[in-house]
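Visitor: One structure is given below, represented as structure tokens, and several questions about it will come after.
The values are calculated or read from the model by the stated rules, or taken from the named source; none is laboratory data. Since this is a predicted model, take the numbers as computed values, not measurements. Ideal geometry is used to build each Cβ from the backbone, glycine not excepted, and the neighbour counts take in all protein chains shown. SASA here: full protein model, heavy atoms, side chains in, ligands and nucleic acids out. Shrake-Rupley method; radii C 1.70, N 1.55, O 1.52, S 1.80 Å.
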Amino acid sequence: MRWLSACLCCGLIACTPKQLTLESLTPNSGPTSGGLPVRVVGSGFSTTAAVSFDGITATQTSWESATSLLASLPPHLGKAGLVDVRVDEEGVSPATLPQSFRYYFGAPGFTAAPDSPATGVDPWFVAAGDLNGDDAADLIVANYTSANLNVLLGKGDGSFHPQVSYVAGRSPYGLAVADVDGDGKTDVVTGQYGNDPLQVLYGKGDGTLEAAQAIATGAAPRAVAVADLNGDGKLDLVTANFLGSSVSVLTSQGGRKFAGAVSYPAGTGVRAVAVADFDGKSGPDLAVWSETDRKLSIALNRGDGTFQAGDSFPAGPQPYSGIAADLNGDGKLDLVTANLANNAVWIHMGSGDGKFAPGKAYGQSIYSHQVATGDLNLDGKLDLVIANYVATGSVGILLGNGDGSFGQEQKIPAGKATTWVQIGDWNGDGKLDIAASNGGSNNLSILLNSSQ
């Protein structure tokens, strides 16, 4: 019997080779600085098991049982994102969980680029797009007082070519960047602060724009959005009309033709509009912010690009702009309001049926002029970036917790009277950077993500 036991795996009697399996990690994300205890659950583990993250061996691996290991996360400075996790044992095939752990930057840092590109007078809005097809992000600026647009072509290294200016109505304000006429070239649409028509500057595909074409809409179309509202594959236009107390829809007829504006009442002093599917039923809906009425109104799409009134609710003391985003990852869109007369942004959590919870304040920004969202530290959770419209100017950053709540605000110096922020990867390093327009210093602050 002793001889028989010794030969169980010698081929005289069949046996099953030992196997390692990996099932889950808790937690499944951690900082690039390392040091986080990560519990690895699977089977077949022995005291000689070793855990590695993206090929980097854990600082320490402790055996807890045949189904559990505790690994100390190794540092992975300079790289964030999803990585493979692997368990090795001598004489046994390794087990791998592909793309199962996410490294993130614990505290994102930003460094001002060497240049602060000049703009026109009173740059109130900055947008991004690729106007010349070189895969480098370009910036477009609407200058309220000098009545023009600036195009700053990106070099792809975080710097930009000097501005090229275009006439764009008497008081260009909001911007939308998209291929409006469907010719494969990026166009620019700008709203107007005063009672003037919408302006469309069609792109030539080489980084230059045609002369502006006026399109009649509601009075003082201060914000503009572009979306396919009726599902016909053509992009339509939406404007928030401050003096008209309405939103207007201009349905594309194909190419550069649009039907006459159809306007919907939306409260007094309509300042901003966001277009997204809030109820999951009939295509993109509208969220409309009214500064004078201090409210947020929802207009639901009937499925054909026409709209019916939904709920309205308070949006803070002076709602100046807003965005839609899924802040807690539940697949339902939420809304964020920037309040110019309040030291915070308001978060309105969505229930997926076109309804939203009352706003909850986050941050300590001073004169929150506008808010944008993106994953700044690459932890898979959306963060907020705020333009602080004060004399000294600054950009506020609120890191998201992934559940719709946010941490303490971090402020980054910018130019004077920061009016707008745009997020994008200006230098191609895979990290989101910030461009801030400064109405008091007539320039842009280019803030490069220097997180490690």
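Visitor: Take every Cα-Cα pair in segment 144-274 and report what % of them are more than 17 Å apart.
Guide: 56 percent
Visitor: For segment 318-452, rounded, prolate or oblate, judged on the Cα gyration tensor with a ≥ b ≥ c (square roots of eigenvalues), a/c < 1.5 rounded, else prolate if a/b > b/c? Write down the numbers at each step before the final one.
Guide: On the way: a/c = 2.08, a/b = 1.27, b/c = 1.64.
Verdict is oblate for segment 318-452.
Visitor: Right, something else. Can you tell me how segment 8-142 classifies by the Cα gyration tensor, rounded, prolate or oblate, using a/c under 1.5 as the rounded cut?
Guide: Prolate, because a/c is 1.5 or more and a/b exceeds b/c.
Visitor: Over segment 257-355, what is the mean sequence separation of C-alpha contacts under 8 Å (at least six apart), divided by residue count, expressed as relative contact order in percent?
Guide: Averaging sequence separation for qualifying contacts and normalising by length gives 22 percent for segment 257-355.
Visitor: For segment 180-234, what mean projected area does the convex hull of the alpha carbons give, in nm²?
Guide: 4.2 nm²
Visitor: Just from its helices, what would the mean residue ellipticity at 222 nm be for the chain, if runs of 4 or more DSSP H residues each count -39500 (n - 2.57) and the sum is divided by every residue, rounded to the nearest 500 deg cm²/dmol?
Guide: It comes out at 0 deg cm²/dmol, rounded to the nearest 500.
Visitor: Going 7 Å from the Cα of Gln308 in the Cα-to-Cβ direction, what parts of segment 227-243 have a backbone nitrogen less than 20 Å from that spot?
Guide: It comes to 229-231, nothing else.
Visitor: Let's test the formula: R0 of 51 Å, r as the Cβ-Cβ distance of Ala361 and Thr208. What FRET efficiency results, to the nearest 0.05?
Guide: 0.70
Visitor: Using a simple charge model, +1 on the beta-carbon of Lys and Arg, -1 on the beta-carbon of Asp and Glu, nothing else, what dipole does segment 213-297 show about its Cα centre, in debye to the nearest 20?
Guide: Using Cβ point charges on Lys, Arg, Asp and Glu, segment 213-297 gives about 260 debye.
Visitor: Give me the lysines in straight-line cross-link reach of Lys295: C-alpha distance below 19 Å, same-chain residues under 8 apart excluded.
Guide: Lys355, Lys360
Visitor: Could you name the lysines whose alpha carbon sits less than 27 Å from that of Lys185, not counting residues in the same chain fewer than 8 places away?
Guide: Partners found: Lys155, Lys204, Lys234, Lys257, Lys431.
Visitor: Sticking with this one: Given labels modelled 7 Å from the Cα in the Cβ direction, how far is it in nm from Ala341 to Ser405?
Guide: For the pair Ala341/Ser405, the computed spacing is 3.0 nm.
Visitor: Determine, from the Cβ-Cβ distance of Leu36 and Ala216 and an R0 of 45 Å, the FRET efficiency 1/(1 + (r/R0)^6), rounded to the nearest 0.05. Please report the intermediate quantities before stating the final value.
Guide: Working: r = 58 Å, r/R0 = 1.29.
It comes to 0.20.
Visitor: Rounded to whole Å and sorted largest first, what semi-axes of the equivalent ellipsoid does the C-alpha gyration tensor of segment 256-383 yield via the square root of 5 times each eigenvalue?
Guide: Here the semi-axes work out to 24, 19, 13 Å.
Visitor: Using a simple spin-label model with points 7 Å from Cα along the Cα→Cβ vector, what separation in nm is obtained for Asp326 and Thr59?
Guide: According to this spin-label approximation, the distance is 3.4 nm.
Visitor: Using a Förster distance of 30 Å, how high is the FRET efficiency between Gln452 and Thr21, based on the Cβ-Cβ distance and rounded to 0.05?
Guide: 0.30
Visitor: Provide the per-residue ³J(HN,Hα) series for segment 65-71, in order, calculated from phi with Karplus coefficients 6.51, -1.76, 1.60 and θ = phi - 60°, each as a whole number of Hz, with x at glycine and proline positions.
Guide: Those phi angles translate into 6, 5, 10, 8, 10, 10, 10 Hz.
Visitor: If you take the charge dipole of segment 15-102 about its Cα centre, with +1 on Lys and Arg Cβ and -1 on Asp and Glu Cβ, which of Ser29, Leu73, Pro94 is farthest toward its positive end?
Guide: Of the options given, the answer is Ser29.
Visitor: What aspartates and glutamates sit close enough to Lys411 to cross-link, taking a C-alpha to C-alpha distance under 19 Å and skipping anything fewer than 8 places away on the same chain?
Guide: Leaving aside aspartates and glutamates fewer than 8 places away in the same chain, those within reach of Lys411 are Asp375, Asp383, Asp433.
Visitor: Another question, if that's okay. Got a sec? Which residues in segment 354-375 would a label at Val390 touch, if it sits 7 Å along Cα→Cβ and we count backbone N under 13 Å?
Guide: Label zone hits: 364-369.
Visitor: Provide the packing ranking of 53-59, 345-351, 81-87, i.e. peptides ordered by the mean count of other C-beta atoms within 10 Å per residue, highest first.
Guide: Numbers: 53-59: 16.0, 345-351: 23.3, 81-87: 18.9.
Per-residue mean Cβ counts within 10 Å order the peptides as 345-351, 81-87, 53-59.
Visitor: Now for a separate question. Given labels modelled 7 Å from the Cα in the Cβ direction, how far is it in nm from Leu243 to Asp429?
Guide: 4.6 nm
Visitor: Note down the magnitude of the dipole of segment 363-419 about its Cα centre, charges +1 on Lys and Arg C-beta and -1 on Asp and Glu C-beta and zero elsewhere, to the nearest 20 debye. Before the final figure, lay out each step's value.
Guide: On the way: 3 positive and 5 negative charges, 58 e Å.
Charge dipole of segment 363-419: 280 debye, to the nearest 20.
Visitor: What list of ³J(HN,Hα) couplings, whole Hz, do you get for segment 209-221 from phi and the Karplus terms 6.51, -1.76, 1.60, once you set θ to phi - 60° and write x for glycine and proline?
Guide: Coupling constants for segment 209-221: 10, 6, 4, 5, 10, 7, 10, 5, 8, x, 6, 6, x Hz.
Visitor: Using DSSP loop states and a limit of at most 16 other Cβ atoms within 10 Å to flag GluC sites (Glu not before Pro), what is the longest stretch of the chain containing no flagged site?
Guide: Result, exposed sites excluded: 211-452.
Visitor: Quick one: dipole size for segment 188-258, taken about the Cα centre, charges +1 on Lys/Arg Cβ and -1 on Asp/Glu Cβ, in debye to the nearest 20.
Guide: Roughly 80 debye, rounded to the nearest 20.
Visitor: For segment 101-171, what ratio Rg/Rh do Cα atoms give with a Kirkwood hydrodynamic radius? Write out the running numbers ahead of the final one.
Guide: Working: Rg = 15.0 Å, Rh = 13.7 Å.
Here the Rg-to-Rh quotient is 1.09.
Visitor: Rounded, prolate or oblate for segment 372-446? Axes are the square roots of the Cα gyration tensor eigenvalues, ordered a ≥ b ≥ c, and the cut-off for rounded is a/c under 1.5.
Guide: In terms of gyration-tensor shape, oblate.
Visitor: Normalised by the number of residues in segment 130-252, what is the relative contact order in percent for Cα pairs under 8 Å and 6+ residues apart?
Guide: 18 percent
Visitor: Out of every Cα pair in segment 64-120, what percent are spaced more than 16 Å from each other?
Guide: Working: 1039 of 1596 pairs.
So the portion of pairs separated by more than 16 Å is 65 percent.
Visitor: P(r) for segment 226-321: what percent of alpha-carbon pairs falls in each 10 Å bin, starting at zero?
Guide: P(r) over segment 226-321, rounded to whole percents: 19, 49, 27, 5, 0.
Visitor: Let me check the size of the chain from its C-alpha atoms; what are the radius of gyration and Dmax in Å?
Guide: Cα-based Rg and Dmax for the chain come out at 26.4, 99 Å.
Visitor: For the chain, report the accessible area per residue in Å² (1.4 Å probe, heavy atoms, rounded to an integer).
Guide: I get 40 Å² per residue for this part.
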